[in-house]
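J.: Take a look at the following structure, please.
The values are calculated or read from the model by the stated rules, or taken from the named source; none is laboratory data. It should be emphasised that the depicted structure is a prediction, and the values quoted were computed from it without experimental measurement. Ideal geometry is used to build each Cβ from the backbone, glycine not excepted, and the neighbour counts take in all protein chains shown. Protein only, heavy atoms only, side chains kept; ligands, DNA and RNA dropped before computing areas. Shrake-Rupley method; radii C 1.70, N 1.55, O 1.52, S 1.80 Å.
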Amino acid sequence: MITLQQIADEAGVSKMTVSNVINGRFDKVSNQKIELIQGIIEKNHYVPNLSARSLVKHQSRMIALLVNAFVLDYNVFKDPYISRLFGEIETAIRATGYYTIVQTVDNIKDSITLLRNWNVDGAIFLTPQKEEDMELLRRQAICPMVFLDNYYQSDSHFLSVNIDDYKGGYIATKHLLLNGHRKIAFASYFGEKSDVISTRLKGYSDALREFGISESCIIDTFTRYEDGMSIGRDIANHKYDITAVFATSDHLALGIIKGCSLNGCIVPNDLSVIGFDDLDLCTISTPELTTVAQDVHDKAEETVKLLLRAISEDEVSRAPITCDVELKVRQTVQNISSGNQQGLKS
């Protein structure tokens, strides 16, 4: 197989220039040289020896993406939000010249074992972790780690990137209130303590209190599409006395709309619905879903930049990064403030 020196000789450049191209450091090389070197690499089927490079530099050039398998034997990448987030992060990592390893894990001890065996330079946890698991990771200190949607801040070891979950819950609920709704349900999964969900719930509750409403309707459900369909059928069958529902995921919200329609409840005529995330599905559904939008691309970019700073620098700010959210108003909220208190007909 062709060597790095042979590629450099054929291209008429130094080994360092070839190394820069291989590792994605394109700012140091002209476009003409990049194309020339990549052509030679492709022609000769050159593959970098990552193991040798790791031994020399004490770096593997690999970053682990870890996702909790919340339900055993369930494909977590069926969740469109997780898939979209993974795609954005993998793209951002690849652009830096690093490689990505992805794994679903059932418990934190598996994560620790994998990180040690893989000898990765850093890790990103795509899903929230329990407090006791964070403590275990803190004691191990295997490599720089960034946690997404984690509010646990008892120790400065942790780097985190979140979104403004409180604002999301608040602006969704207030939009429904301003459109005349007073009987508003909050639909989410409460099976395990989640700071993300409890923070969105606080935003929901505070918005209700601003309008003098003390009663709330909490619907505890998994956030898969099929679970939303089940909740939608329950709503259509008058299990809940509501005119609107705020669901903490678009997938859940779209399932609710489908379940309602199957049982004769039409959104938004009979029920208003707001989701969370702003997936692409929101604009191809009928009606188009009003939702709290988070910028997943920006979240991914901030996450990768933060991790790379932690890998390359001694001092990194440990303050959590919080990305903004906004309400995308579409077609699933009906204004009933005119006195026409629509809702489910008995």
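J.: For the chain, modelled as a GNM with alpha-carbon contacts under 10 angstrom, which of Arg84, Arg116, Arg182 fluctuates the most?
T.: Fluctuation is largest for Arg116.
J.: Still on this structure: What FRET efficiency would be calculated for the residue pair Ile34, Glu313, taking the C-beta separation as r and a Förster radius of 22 Å, to the nearest 0.05?
T.: Once rounded, the FRET efficiency stands at 0.25.
J.: Please list 3J(HN,Hα) in residue order for region 276-284, calculated via the Karplus relation 6.51 cos²θ - 1.76 cosθ + 1.60 where θ = phi - 60°; whole Hz, with x for glycine and proline.
T.: My calculation for region 276-284 gives 8, 2, 6, 6, 4, 4, 4, 9, 10 Hz in order.
J.: Under the rule of at least 5 residues apart or a separate chain, name every residue whose amide H is placed under 5 Å from the amide H of Thr332.
T.: Amide H to amide H, under 5 Å and 5 or more residues apart or across chains, Thr332 pairs with Thr290.
J.: Taking only Cα atoms, what is the 0 to 90° angle, nearest 10, from helix 131-140's long axis to the longest principal axis of the chain?
T.: The helix 131-140 is inclined about 10 degrees to the chain.
J.: Based on the Cβ-Cβ distance of Arg209 and Lys305, what FRET efficiency does E = 1/(1 + (r/R0)^6) give at R0 = 35 Å, to the nearest 0.05?
T.: 0.40
J.: Check which residues have an amide H placed less than 5 Å from Ile101's amide H, if you skip close sequence neighbours.
T.: HN-HN under 5 Å from Ile101: Ile63, Ala64, Leu65.
J.: Can you give me the distance in nm between label points at Asp324 and Ser337, each placed 7 Å from the Cα along the Cα-to-Cβ direction?
T.: 2.4 nm
J.: Still on this model: Quick one: among Glu288, Glu302, Glu35, which has the greatest mean-square fluctuation in a GNM of the chain with alpha-carbon springs under 10 angstrom?
T.: Looking only at Glu288, Glu302, Glu35, the largest GNM fluctuation is found for Glu35.
J.: Can you tell me the length gained on complete extension of the stretch Asp241 to Thr286, counting 0.36 nm per residue apart and subtracting the Cα distance?
T.: 13.8 nm
J.: Same structure, new question: If you roll a 1.4 Å probe over region 236-340 with all protein chains in place, what percent of the accessible area is carbon or sulfur?
T.: 43 percent
J.: Can you run phi through the Karplus equation (6.51, -1.76, 1.60; θ = phi - 60°) for region 82-94 and list ³J(HN,Hα) in whole Hz, with x for Gly and Pro?
T.: Taking θ as phi minus 60°, the curve returns 4, 4, 5, 5, 4, x, 5, 5, 4, 4, 5, 5, 4 Hz for region 82-94.
J.: Something else about it: Using only the Cα atoms of the chain, what semi-axes does the equivalent ellipsoid have when each is the square root of 5 times a gyration tensor eigenvalue? Give whole Å, largest first.
T.: Computed over the chain, the values are 47, 22, 17 Å.
J.: Express as a percent, rounded to the nearest 5, the fraction of DSSP beta bridges in the chain (both residues included) that run antiparallel.
T.: 10 percent
J.: Now, a different point. Using the alpha carbons of region 78-220, what is the convex hull volume per residue in cubic angstrom, as a whole number?
T.: 142 Å³
J.: In region 3-37, which residues have a backbone nitrogen under 14 Å from the label point lying 7 Å from Asn44's Cα in the Cα-to-Cβ direction?
T.: Zone members listed by number: 3-19, 22, 36-37.
J.: Related question: How large is the accessible surface per residue of the chain, computed with a 1.4 Å probe and reported in Å² as a whole number?
T.: Normalised by residue count, the accessible surface of the chain is 48 Å².
J.: Go ahead and run the numbers for FRET between Asn269 and Ser83, Cβ-Cβ distance against an R0 of 25 Å, rounding to 0.05.
T.: After rounding to 0.05, the efficiency reads 0.20.
J.: Also, quick follow-up: Which shape class applies to region 153-249: rounded if a/c is under 1.5, otherwise prolate when a/b exceeds b/c and oblate if not, where a ≥ b ≥ c are the square roots of the Cα gyration tensor eigenvalues?
T.: In terms of gyration-tensor shape, oblate.
J.: Lysines within cross-link reach of Lys15: Cα-Cα under 29 Å, excluding same-chain residues under 8 positions apart?
T.: Lys28, Lys33, Lys43, Lys57, Lys305
J.: Gain in length, Ile2 to Leu178, computed as 0.36 nm per residue apart minus the alpha-carbon separation, to one decimal in nm?
T.: 56.6 nm
J.: Would you pull out the residues with amide H under 5 Å of Val325's amide H, same chain only if 5 or more places away, H placed 1.01 Å from N?
T.: Asp164
J.: Treating only the Cβ of Lys, Arg, Asp and Glu as charged (+1, +1, -1, -1), what charge dipole size does region 195-346 show about its Cα centre? Round to the nearest 20 debye.
T.: With only Lys, Arg, Asp and Glu charged at Cβ, the dipole is about 580 debye.
J.: Cross-link list Lys167/Lys328; Lys109/Lys130; Lys174/Lys239: which exceed 18 angstrom alpha carbon to alpha carbon?
T.: Exceeds cut-off: Lys174/Lys239.
J.: Residue by residue through region 232-246, which ³J(HN,Hα) values in whole Hz follow from phi under the Karplus form 6.51 cos²θ - 1.76 cosθ + 1.60 (θ = phi - 60°), with glycine and proline marked x?
T.: Coupling constants for region 232-246: x, 5, 4, 5, 5, 8, 6, 5, 10, 8, 9, 10, 8, 9, 9 Hz.
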